[in-house]
Each structure stands twice: as C-alpha cells, then as structure tokens.
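Single-structure report; data block below.
The values are calculated or read from the model by the stated rules, or taken from the named source; none is laboratory data. Please read these numbers as outputs of a predicted model, since none were measured by experiment. Every residue, glycine as well, gets a Cβ built from its backbone with ideal geometry; the counts of neighbours run over all protein chains shown.
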Amino acid sequence: MNSYKYHIITFGCQMNKNDSERIESIFESMNMISTDTPEDADVILMNSCSIRESAEDRIYSFSHEFAKLKEKKPNLIVVVTGCMPGRDKDGKLRKRLKGVDLFFPTKDVIMMPRWLSELNPELRPIDLEEDYLSVKPHIKSKFQAFVTIQTGCNQFCTYCVVPYARGMEVNRPLKDIIDEVKYLVNDGCLEITLLGQIVNHWLAKEDDKFSPNNPYTQNDFAKLLWELNQIEELERIHWTAPHPIHMNDEVIDALTLPKQLNFIHLPVQSGSSKILKKMNRKHTRELYLEKIKKIRAKKPDIAIGTDIIVGFCDETAEDFAETISLYQECDFDISYTAKYSTRSGTTADKAFKDNITQDEKKKRWFELQHLMEDIVLRKNQVYKGKEVSVLVDTFKNGMCGGNSREMKRINFPGDQNLVGQIVNVEITEPSHWILWGKML
C-alpha cells in the first residue's frame, strides 16, 4: 500500500498553529506522513487566516499555484480550512479560489477523514469525537506547547472577523484542559501557552470542580491559572490574548503566581476613547490606563506588550496623538502595530468609510514603530549585568537562543544539548531585539 503524504501551510495566529497541530494528528491517524515539499504531497491543506486582507490574498495566490500542480498530479487534493471558510457565508470567497477540493471551517475538521476518503478511497477514514479540540495535537517541540482553552468570540469589535469566522465563544471543560496539560508535562513539556480569543474570559462549566484550596473565589480564569500552577514539573505558564475589561483584581493577582511568566500581552488597539468606541472595544482609554496601573502595582517589573491598529475609520491626527501619548505613558516593551484594512462582513465594512489614506497609515505606523524601538532599547539596558532564566529553544552555529520570563529574546554561546533546558544567563550586551549574554 502506498504511503500517502500531506503538506500543511498555516497562516495567522497561534491558535491556527495549534489547530494545525491537531490536523497533523488526524493525518497521522490516517497513516499519512508529512512532507515539506508541496510537489510530493497527495493532500495539501491550507489553514487560513482572515484577520487582514493580505492573509487571504496569499491563499488565493497559493490556490492558483496548486491548480497548476494538479495539472501534473490530477489526484492531488487541495484543502482550505480555518477562518476564511468560517466567514464565507455567501460563497464569494470560495469562488475566487482555484482548484480547491475541500473548503470547511475549523470546527468541521472532524469530518475531514471521511471527505478525503470519498475523494480518494485509498485514504483511510477514521472516526473522531464531535469536538475537534478532543484531538491530541501533534507537538513538534516537546518542551513547549500551545493549549487552546477557548474558541470563538462574543465581543464583536467592529473591525474583526473572528466572531463570524470562528463563531460564538465556546469554553473547554476544566478537566479536559488539566488532562491535556498533564499529558504534555508527562511527555517533557516545560512551558505552556494558553490560547483563547478572549482568554481571560474563560468560564467554567457547571460541573467543573476546582480544588477546595483554590484561593480565588470570583474569576474562573484566575482559578484555572492557580490549578495549573499546582502541576509538578510544569515550569512556565503564559496566556494570550486577554481583554482589558476582563482583567479584574483576581486575574491581576494571578500574575504573581510562581509559574506565570513575567510578561503580559494586553491589546489596546487605540489610545483614543472616541476610536475605541467606534471599534466597539467596550473600554475607554482611562479604563486601560487604570488596568496597567494596577498590573504594575502588583508586579512592578513585569514586561507588557500590546496590539495597536493605526488608520482606523475617522482616526484624526488628534486621535493618533492620543495613541502616542498612551504608548508613552504605558511604556510598553513591545507592540504589534497593524495598518487598518477593511474586512468584508464586519460592522466597520458595512457602516464606516475607510477614509485614511494608505500613505497616512504608513506614516503613523512608522511613527509608532520608531517610538517602540526607542523605548525597547532604553528598557533593555536595565538587563545589562543581570541574570535571567532562559528556556533554550534553538541552536545554530555555536549560539543558543531562547526567551526569558519577560519574553525577551536571549542569545548566548552554548551547545546543542541545551535545547529544551532552562538555564541562567548573564546579559552582557542588550540591543533592540536581542539580549546577548553568557551562561552561568
């Protein structure tokens, strides 16, 4: 019997990457093997992202490339899943694709083996549980893993496709999360990253049972974090992406739990309350600043990152100036800044005019980028001569690399056998994006 091969291309966020790990497990259960070369594959799967237009444009481009490949390999099966099918309610997006055989949202991935075997009867069908999150992901790095605790979103920010692409918020049961983390830790995992669209709005099920010793009484997400901190041999916990309105006092206190990384990524999107209202973010500039103040009061040396959109509909120079001043006041360690692009089907696309020119968006993006670089370089100088804990994840040409607990990228001379270990490094030369050091 032939060994059929699959090739996965993943676009977008960490949740998509975690979904692709589950899809890889499904392929392996079908006795298929992975190939890095699309030309060698019998099934090519693209896990799509719809956050920005450019991400979808890449899917269209790849579909045309693979359509040409199908002329040479007529039995090739091309699959598109992820956010693009999830939001394609009227079929317009699929019509723009070429040569795609299967097109389905992430939640329907459990049907993929059956559909593939219908297209190619030699592919082995398998039965899967109704919830795709019950599929154990294929983890390439045993010492680091993503753990999805929630899918979908109820926030309906006016610029965002996620509620349309992934549906309404669904939270995984406590036992499923704990069992998956314990399974990963037993297999050598040292660091987990909890994933959710609004991760700090994770809500327990009625029959979920927390430990009677759990110190948190109000917030389910804080309770979950405490439970995970009790798992022996798990060294690091990170989570993304929270929403400011759900950063209550218990979640902020949970930042002090011993296994929590000394970093939080808290998206703000704009420093203008007027623009935040137009985005339907459900928080003001003042509320966000209050949350940052509380976080720093609880953990003064914590590193903080954020997301910002520049050039949103009707964003004036004054509105952008408020974003600049908020950035300076928060003194962020890093920002992921995007130029606004309208997404079909969103409220912003239907109700607002994308009236900021591309040149102006680019100008604002560069202004924020230069501000970030100045702040990052200044803040990184405090690490010179300090000892940091690093989880080593790469080795190349005699240099090890990994992240500190502040999610700073650390490089230092070392050996291949250090990959997957946590070591102490003294920082000798801090730069913009890399802190260079020597192992202690």
request  = Could you check, for the range 250-262, whether at least one of its residues is at pLDDT 95 or above, in the same structural domain as L203 (by TED's automatic domain parsing), among the polar types (S, T, N, Q) and in a helix (DSSP H, G or I)?
outcome  = no
request  = Would you point out the residue of the range 263-288, among those that are charged (D, E, K, R) and either modelled with pLDDT under 95 or buried (at least 21 other Cβ atoms within 10 Å of the Cβ) (or both), that is nearest to L225 (Cα to Cα)?
outcome  = R281
request  = For the range 146-155, indicate whether the set of residues that are in contact (Cβ under 8 Å) with a residue 12 or more places away in the chain, assigned by TED's automatic domain parsing to the domain that holds A241 and either farther than 27 Å from I192 by Cα or among the small types (G, A, S) (or both) is non-empty.
outcome  = yes
request  = Can you confirm whether the range 122-135 contains a residue that is hydroxyl-bearing (S, T, Y) and in a helix (DSSP H, G or I)?
outcome  = yes
query = Taking interchain pairs and intrachain pairs at least six residues apart, which have beta carbon atoms under 6 angstrom, with the first residue in the range 333-348 and under 14 Å from T323 (Cα atoms) and free of Cβ contacts under 8 Å to residues at least 12 places away in the same chain and the second acidic (D, E) and surrounded by 21 or more Cβ atoms within 10 Å (Cβ to Cβ)?
reply = none
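With the requirement that a residue be touching a residue at least 12 places away in the same chain (Cβ under 8 Å) and on the phi < 0 side of the Ramachandran plot, what does the range 74-84 give you? Talk me through it step by step, then tell me what you get.
Start the filter on the range 74-84 by keeping residues that are touching a residue at least 12 places away in the same chain (Cβ under 8 Å), which leaves 75-84.
Answer for the range 74-84, where residues must be touching a residue at least 12 places away in the same chain (Cβ under 8 Å) and on the phi < 0 side of the Ramachandran plot: N75, L76, I77, V78, V79, V80, T81, C83, M84.
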key: Restricting the range 421-440 to residues that are crowded, with 17+ Cβ neighbours inside 10 Å and either under 26 Å from the mean Cα position of the chain (by Cα) or of a type in the set (S, T, Y) (or both), the residue that is farthest from I304 (Cα to Cα)   = V423
task = For the range 57-86, enumerate the residues that are surrounded by 13 or more Cβ atoms within 10 Å (Cβ to Cβ) and within 23 Å of the chain's Cα centre (by Cα).
result = R58, I59, Y60, F62, V79, V80, T81, G82, C83, M84, P85, G86
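With K89, K70, K98 as the choices, which residue is in contact with a His (Cβ under 7 Å, 6 or more places away or on another chain) and of a type outside the set (A, V, I, L, M)?
Values: K89 fails: in contact with a His (Cβ under 7 Å, 6 or more places away or on another chain); K70 fails: in contact with a His (Cβ under 7 Å, 6 or more places away or on another chain).
Result of the check over K89, K70, K98: K98.
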remark   = Only one of (1) touching a Pro at 6+ places or on another chain (Cβ under 9 Å); (2) surrounded by fewer than 21 Cβ atoms within 10 Å (Cβ to Cβ); (3) within 26 Å of I252 (Cβ to Cβ) does not apply to L174, and that is (1)
query = Taking the condition at pLDDT below 95, among the aliphatic types (A, V, I, L, M), closer than 26 Å to D108 by Cα and surrounded by 18 or more Cβ atoms within 10 Å (Cβ to Cβ), does V162 pass?
reply = yes
inquiry  = For the range 150-158, check the following and say yes or no: at least one residue is at pLDDT below 95, part of a helix (DSSP H, G or I) and small (G, A, S).
reply    = no
Hey, R364 over 24 Å from the mean Cα position of the chain (by Cα), part of a helix (DSSP H, G or I) and surrounded by 20 or more Cβ atoms within 10 Å (Cβ to Cβ) or not = yes
ask   = What single numbered condition from (1) more than 30 Å from I308 (Cα to Cα); (2) free of Cβ contacts under 8 Å to residues at least 60 places away in the same chain fails to hold for D220?
value = (1)
message = Residue under question is G99, and the condition is that it be in contact with a Lys or Arg (Cβ under 9 Å, 6 or more places away or on another chain), on the phi < 0 side of the Ramachandran plot, small (G, A, S) and outside the structural domain of S344 (by TED's automatic domain parsing); does it hold?
response = no
Given (1) more than 24 Å from the chain's Cα centre (by Cα); (2) buried (at least 16 other Cβ atoms within 10 Å of the Cβ); (3) not β-branched (V, I, T), index of the condition G305 fails = (1)
query = Hey, any hits in the range 170-178 for a residue that's touching a helix residue (DSSP H, G or I) at 6+ places or on another chain (Cβ under 6 Å), assigned to a helix (DSSP H, G or I) and either touching a residue at least 40 places away in the same chain (Cβ under 8 Å) or closer than 18 Å to W226 by Cα (or both)?
reply = no
message = Given the criterion over 30 Å from D90 (Cα atoms), touching a residue at least 60 places away in the same chain (Cβ under 8 Å) and not assigned by TED's automatic domain parsing to the domain that holds M30, identify the matching residue among T240, T158.
response = T240
message = With the requirement that a residue be outside any helix (DSSP H, G or I), surrounded by fewer than 20 Cβ atoms within 10 Å (Cβ to Cβ) and out of contact with any helix residue (DSSP H, G or I) (no Cβ under 7 Å at 6 or more places or on another chain), what does the range 335-351 give you?
response = Y336, A338, S344
Set N417, N403, N411, N424: member being outside the structural domain of E191 (by TED's automatic domain parsing) and without any contact (Cβ under 8 Å) to a residue 12 or more places away in the chain = N417
task = Kindly indicate the residue of the range 28-68 that is in contact (Cβ under 8 Å) with a residue 40 or more places away in the chain and small (G, A, S) and also nearest to P125 (Cα to Cα) among those meeting that condition.
result = S29
